[in-house]
1. Ranked highest first by average number of other Cβ atoms within 10 Å, how do 37-47, 104-114, 188-198 line up?
2. Where both residues lie in segment 1-124, what percent of DSSP beta bridges are antiparallel, nearest 5?
3. Please compute the alpha carbon radius of gyration of segment 6-140, then divide it by the globular-protein estimate 2.2 N^0.38 Å. Two decimals is fine.
4. Based only on other Cβ atoms within 10 Å, what is the fewest-to-most ordering of F21, F89, F71?
5. Under 27 Å between alpha carbons: how many lysine pairs meet that in segment 1-99, if sequence neighbours fewer than 8 apart on the same chain are excluded?
6. Could you line up T172, T60 from fewest to most neighbouring Cβ atoms inside 10 Å?
7. Quick one: grab Rg to one decimal and Dmax as a whole number for segment 33-105, Cα atoms only, in Å.
8. In nm, to one decimal, how far is the modelled label at E10 from the one at D28, with both set 7 Å along Cα→Cβ?
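Taken together, the values in this text are just the output of simple stated rules run on the coordinates, not laboratory data. Keep in mind the model is a prediction, meaning the values are calculated, not measured. Cβ placement follows ideal geometry from the backbone for every residue including glycine, while neighbour counts extend to all protein chains displayed.
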Amino acid sequence: MPHKNMLPVEVSQLFLSNMGFVILLDGDQDKRSLPIFIGAAEAQSIARFFNDAKISRPLTHDLIKSLLDCFESRLMRVEICDIKDGTFFAKLIMDYDGAIVEMDCRPSDAVAVSLRCDAPIYVARHVLEKAGHVFSDEVLGHAPRIDASHHANPYQPIEGHDPIHKKSPLETLKARQARAIAEERYEDAARLRDEIRRLENTHMEN
């Protein structure tokens, strides 16, 4: 069983912002969502699963699932266990021949594998307290909910669902700075502050 400070969550949304693909993890025990930026390959892997897209050869996360099955190892759960300098850390918790095995993993890969193994996802309470946000419908816009009935082409970026993209470059920088401060990434916040000042000075000169 996961530690009492671990909260169960599920993938609720996948959308494309102007800063990259984002998955939102939601749970019933906390009103906050955990946004995690992921790579395009991982985003397409997650989208392929929800869209039940068939491919001729197994990709990385499908291969991992096949290897687990082959060696009769069961993925019990995924834990997003820590965040350091804005980077999330995760673990795969597996049962191999009666022994519990933990393996470090990127959250994006962990989520993609957990979906294929039908394994639950947990987030450490302190991670959610540090990086969780309450998103209004206005902020999220019409980002598509991910479920088995969503049939967007997983081989294409999700278009028309970019709530961050509607902001001006200056607004986007300020939002990124606020996020960096909230996550205590002060070096990044200082760099963004300088970019904001340069952009504001450029606007004044024009």
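1. 104-114, 37-47, 188-198
2. 90
3. 1.05
4. Exposure proxy ranking, most exposed first: F71, F89, F21.
5. Working: K4/K31; K4/K84; K4/K91; K31/K84; K31/K91; K54/K65; K65/K91.
Summing the qualifying lysine pairs gives 7.
6. With the sparsest Cβ surroundings first, the list reads T60, T172.
7. 14.2, 39
8. It is 0.9 nm.
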